[in-house]
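The values are calculated or read from the model by the stated rules, or taken from the named source; none is laboratory data. These numbers come from a predicted model, not from an experiment. Cβ: placed from backbone, ideal geometry, glycine included. Neighbour counts: every protein chain shown.
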Amino acid sequence: MTDRTAWLRRGLRAAAAVAVLALAGGCATLPPNVGQDPRDPWEAVNRNVFVFNEAFDADIMKPLAEHYALLPSFVKDCLSNMFANLRGPSNAVNNALQGKPAEAASDVGRFVVNTTVGLVGCFDVATGMGLEKSDEDFGQTLGVWGVEPGPYLVVPFLGPSNVRDAVGILGVEPFLDLNFYIDNATIEYSVLALRFVNLRAQLLSTEHLIDDAALDRYTFIRDGFLQRRRYLIYDGNPPREIDPEDEDDDDGPPPPAATPTAAAPAAEPGR
Amino acid sequence: MFEKLRLILPCVLLLAAVPAVAQAPSAQAAPDALVRDLTAQVLDAIRADSAIAAGDIGRIQKLVDEKILPYVDFPKMTRLAVGRGWRDATAEQRTALTREFRTLLLRTYSGALAQVKDHQVQMRPFRAQPADTDVLVRSAVVPSRGDPIQLDYRLEKQDAGWKIYDVNVLGVWLVENYKTQFASEISAGGVDGLIKSLTERNKSLAENKKA
């Protein structure tokens, strides 16, 4: 256990060092309205960490993932399934904590079937039996309990989060994930590292879609993350948020052309 | 022998044509049926055309233009994404915004379609009253390996039938995801600033695709 706390302390120190470096570097270009979004008061810091993370990804994670992607498909499938299986107990506990006993039972069933018949999770036999894969974590559980997400947070190395999810996923989730209970520290951290590479490799074929679609990468990823988390907390059925702007469906005729074009140059130089 | 063939051939051709006509999705149909038929058609076309699988953007765009565009309400999509700024935009600016946003979405969508291989579409239970004019249609695209991809649509009933005006991928609504970006472009450079950004993005995407 002392070994573990030492690791944790070292990790925290490294993260703090990165945050300081990222701030001191001041490499992110900040938009004029930085920090004005109520969901993202720490935008100035977040943008700097975001730039650091992008560089870390380009220099280290992506090349690793590209090498990993060269593995034969059946090996990658097996590893993906095994890693997903390590999440089984966490899914079960979180579903139980969220008051969903049927889902929790299904997660237990999945875990038992895939660990035994599926050869330590290499084959996902359970999905074929109608036991669907869950995607739960303690951040979602806190959300179900009514904890607000708090400010958006870009975590060094890991990426988008918020205060609630950082507490749930970085603070509590490690104890629910089977990775934590691998006895040998070398194997434990190797498996953890491989899981991140595997996860990264799964994004290789689609990541360019964000490059294409986003006007501002940071905002696009942030807003997507916030929507996705809300969706997960409501298990895919979030209530519709009605924007009062959307309601005046009869948007009325456009104003005469002279008004905005005359106003625009006056507003421009100040920016 | 040839006489017979001459009689039979048109009949065969006619028969072959009938299912094709029947398959064309009707905007008057129920919204979930419309989405189901539309997706099935697009996936069939991708399977049948190796150029699309190879990432031929021109071919993909032709497919999108023919099969999907008639069922999408881009002006509404653009208006929702632009939000407050739409009210101050002139008719010309609105047209330009819609045109550029549409081009951007089509390019992104074409890029996504190029990734599709042997995917299957699964429709999820549809809950709506017959009188509803604004509905949510839920589906999932199931790849041969990996987890299903949630794909939901918002449709509005218009005079010409149902039209899609928003898409949700893995829990992320498209229109919602552009709102903040559009708003900050407008606050920085006005509506014209946003049009300029969109136009430049489309131009650089077009150049990348050519290279």
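Only one entry in B:Leu106, B:Leu151, B:Leu174 is in contact with a strand residue (DSSP E or B) (Cβ under 8 Å, 6 or more places away or on another chain) and either surrounded by fewer than 18 Cβ atoms within 10 Å (Cβ to Cβ) or over 29 Å from A:Val34 (Cα atoms) (or both), namely B:Leu151.
Please verify whether A:Val93 is of a type in the set (Val, Ile, Thr) and more than 19 Å from B:Asp147 (Cα to Cα), treating the condition exactly as stated. Outline the logic, then answer.
On the way: of a type in the set (Val, Ile, Thr): yes; more than 19 Å from B:Asp147 (Cα to Cα): yes.
Criteria met by A:Val93.
Note on the range A:176-210: residues that are under 18 Å from the mean Cα position of the chain (by Cα) and either assigned to a helix (DSSP H, G or I) or surrounded by fewer than 17 Cβ atoms within 10 Å (Cβ to Cβ) (or both) total 20.
Rundown of residues vs (1) more than 21 Å from B:Val175 (Cβ to Cβ); (2) of a type in the set (A, V, I, L, M, F, W, C); (3) in contact with a Ser or Thr (Cβ under 7 Å, 6 or more places away or on another chain), yes/no style:
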{"site": "B:Met77", "(1), (2), (3)": "no, yes, no"}
{"site": "B:Gly83", "(1), (2), (3)": "no, no, no"}
{"site": "B:Leu104", "(1), (2), (3)": "no, yes, no"}
{"site": "B:Val116", "(1), (2), (3)": "yes, yes, no"}
{"site": "B:Asp147", "(1), (2), (3)": "yes, no, no"}
{"site": "B:Leu151", "(1), (2), (3)": "no, yes, yes"}
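Yes or no, residue by residue, for (1) closer than 27 Å to A:Ala69 by Cβ; (2) in contact with a strand residue (DSSP E or B) (Cβ under 7 Å, 6 or more places away or on another chain):
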{"residue": "A:Ala126", "(1), (2)": "yes, no"}
{"residue": "A:Gly150", "(1), (2)": "no, yes"}
{"residue": "A:Asp183", "(1), (2)": "no, no"}
{"residue": "A:Leu199", "(1), (2)": "yes, no"}
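When B:Ser144 is tested against (1) within 8 Å of chain A (Cβ to nearest Cβ); (2) modelled with pLDDT under 90, just one condition goes unmet, and that condition is (1). Regarding A:Glu247, is this residue modelled with pLDDT under 85 and more than 8 Å from chain B (Cβ to nearest Cβ)? It is true that A:Glu247 is modelled with pLDDT under 85 and more than 8 Å from chain B (Cβ to nearest Cβ). Within the range B:193-211, being touching a helix residue (DSSP H, G or I) at 6+ places or on another chain (Cβ under 8 Å), at the interface with chain A (Cβ under 9 Å from one of its Cβ atoms) and either under 19 Å from B:Leu80 (Cβ atoms) or surrounded by fewer than 17 Cβ atoms within 10 Å (Cβ to Cβ) (or both) holds for B:Leu194, B:Ser197, B:Leu198.
Quick check, is A:Ala185 over 26 Å from A:Leu142 (Cβ atoms), among the small types (Gly, Ala, Ser) and touching an Asp or Glu at 6+ places or on another chain (Cβ under 7 Å)? Full working, then the answer.
Working: over 26 Å from A:Leu142 (Cβ atoms): yes; among the small types (Gly, Ala, Ser): yes; touching an Asp or Glu at 6+ places or on another chain (Cβ under 7 Å): yes.
For A:Ala185, the condition - over 26 Å from A:Leu142 (Cβ atoms), among the small types (Gly, Ala, Ser) and touching an Asp or Glu at 6+ places or on another chain (Cβ under 7 Å) - is met.
Of everything listed in (1) surrounded by fewer than 20 Cβ atoms within 10 Å (Cβ to Cβ); (2) away from chain A (no Cβ under 14 Å); (3) under 17 Å from the mean Cα position of the chain (by Cα), the single unmet condition for B:Ala48 is (3).
So which residues in the range B:159-178 are more than 19 Å from the chain's Cα centre (by Cα) and within 10 Å of chain A (Cβ to nearest Cβ)? Walk me through how you get there before you give the answer.
Quick first cut of the range B:159-178, residues more than 19 Å from the chain's Cα centre (by Cα) only: B:159.
Across the range B:159-178, there are no qualifying residues.
The residue of the range B:76-86 that is surrounded by the fewest Cβ atoms within 10 Å (Cβ to Cβ), among those that are out of contact with any Leu (no Cβ under 9 Å at 6 or more places or on another chain) and at the interface with another protein chain (Cβ under 7 Å from one of its Cβ atoms), is B:Arg84.
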